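A short write-up of the structure that comes next.
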Amino acid sequence: MTTIPAPVATGSHVIADSVTMLRRTLLHMVRYPGLSAFTIGGPIVFLLLFVFVFGGTLGAGLPGVDAGAGQAAYLAYVVPGILAMTVAGSASGAAITVSMDMIEGITARFRSMAISRAAVLAGHVLGNAIVGLIAVALVLGVALLAGFRSTTGPVEWLLAAGFIAVLAFALNWLGVGMGMQAKSVETASNLPLILTFLPMLGSGFVPTASMPEWLQVFAQYQPFTPIIETIRGLLLGTPIGAQGWIALAWCGVIALGGYVWARAIYNRKSVKA
């Protein structure tokens with residue numbers, strides 16, 4: 001059993017290697033656009049489906065909505081949840097690309113080279129986070145064309161953009177961990193699906209108060225409810241309260257947990273190489 005020593009990494013070394021790995025990830029996505037298209041197209045389909053097919057009925061059940069305004073009200077309500085789902089979908093891309101590199105032996109080759117180990121993983125995280133942010137911009141553009149209107153100003157929009165970027169960074173670290181843990185690309189594509197569906201089990205599509213009592217407990221305390229409420233407050237001016245700090249704390253926990261998980265698997269497999 002041979003142990004491959006980790007290269008000595010200075011700060012500039014890690015940054016330069018991360019930029020190189022980021023460029024590689026972006027080029028890979030350009031050459032294989034199907035995965036990015038799914039990350040972008042899936043949330044747009046959900047948005048149009050829920051707004052134009054179910055929006056009138058679901059919107060009429062929202063608190064304080066006048067008769068006949070259900071669809072417009074539901075569009076405003078559901079957009080933050082769709083945006084969170086869009087970011088979560090980018091984690092699937094991270095899991096799949098990492099898994100492909102592991103199975104094809106590319107990661108093993110990187111381990112034998114003088115490349116920062118953190119940079120190898122960071123390239124996947126940053127590349128897929130960028131794709132997630134592009135997807136968010138396109139989904140938001142479709143929402144604006146459908147009639148979505150924000151009630152807040154530029155400062156809140158900048159805060160929302162920064163928060164979504166933090167969320168994308170955190171979820172993609174978790175996606176990288178899932179991809180390294182998976183035994184096949186198929187498994188890697190399935191593991192992050194739970195992140196895509198969690199907004200549906202929170203306040204993304206309907207108020208948690210409308211759910212059965214047993215489900216309300218889970219919906220109120222799972223990570224995506226404070227995340228969605230923070231985005232909703234920044235875009236629509238609804239009260240955020242402590243939800244913003246809770247959401248940031250969840251992002252920190254997810255990012256740290258994903259990083260530690262991914263690095264542990266990477267180092268363990270380096271020792272076995």
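The values are calculated or read from the model by the stated rules, or taken from the named source; none is laboratory data. Quick caveat, the model's predicted, so the values are computed rather than measured. Here the Cβ positions follow ideal geometry from the backbone for every residue, glycine too, while neighbour counts run over all protein chains shown. Heavy atoms of the whole protein, side chains included, go into the accessibility calculation; ligands, DNA and RNA do not. Shrake-Rupley method; radii C 1.70, N 1.55, O 1.52, S 1.80 Å.
Details
- Over the chain, DSSP H runs of length four or greater, each weighted -39,500 (n - 2.57), average out per residue to a 222 nm ellipticity of -26000 deg cm²/dmol.
- For the stretch 137-239, trypsin sites (Lys or Arg not before Pro) meeting the loop criterion (DSSP other than H, G, I, E, B) and having at most 14 other Cβ atoms within 10 Å: Arg149, Lys183.
- Among Ile44, Ile134, Ile15, residue whose mean-square fluctuation peaks in a GNM of the chain (springs only between Cα atoms under 10 Å): Ile15
- Computed extension gain for Ile15 through Leu62, at 0.36 nm per residue and net of the alpha carbon distance, reaches 12.2 nm.
- For the pair Trp157 and Arg268, the difference between a 0.36 nm per residue extended length and the Cα-Cα distance amounts to 35.8 nm.
- Pairwise Cα separations in the stretch 75-215 fall into 10 Å bins from 0 onward with the following percentages, short to long: 12, 35, 30, 17, 6, 1.
- Estimated FRET transfer efficiency when R0 is 25 angstrom, pair Ala137-Arg23 (beta carbons, to 0.05): 0.75
- For the stretch 152-273, the relative contact order comes to 39 percent (Cα pairs under 8 Å, sequence separation of at least 6).
- Cα shape, the stretch 124-200, gyration tensor, a/c 1.5 rule: prolate
- Environment charge of Phe163, counting only residues whose C-beta is closer than 13 Å and scoring Lys/Arg +1, Asp/Glu -1: -1
- Remark: the chain carries 47 Å² of accessible area per residue (probe radius 1.4 Å; ligands, DNA and RNA excluded).
- Carbon plus sulfur fraction of accessible area for the chain, probe 1.4 Å, in percent: 72 percent
- In percent, rounded to a whole number, the relative contact order of the stretch 24-104 is 26, using alpha-carbon pairs under 8 Å and six or more apart.
- Membrane-span-like helices in the chain (whole DSSP H runs, Cα extent of at least 18 Å along the helix axis, mean Kyte-Doolittle hydropathy of at least -0.5): 11-31, 33-52, 70-104, 117-146, 154-181, 243-272.
- Whole-angstrom Cα spans of the chain along principal axes, big to small: 70, 37, 36
- Here Arg149 and Ser210 are evaluated by their C-beta separation; at R0 = 35 Å the FRET efficiency comes out at 0.90.
- Label-point separation, Val30 to Gln220 (7 Å along Cα→Cβ), nm: 5.0 nm
- The modelled label-to-label distance between Ala242 and Leu256, using points 7 Å beyond Cα along the C-beta direction, is 1.9 nm.
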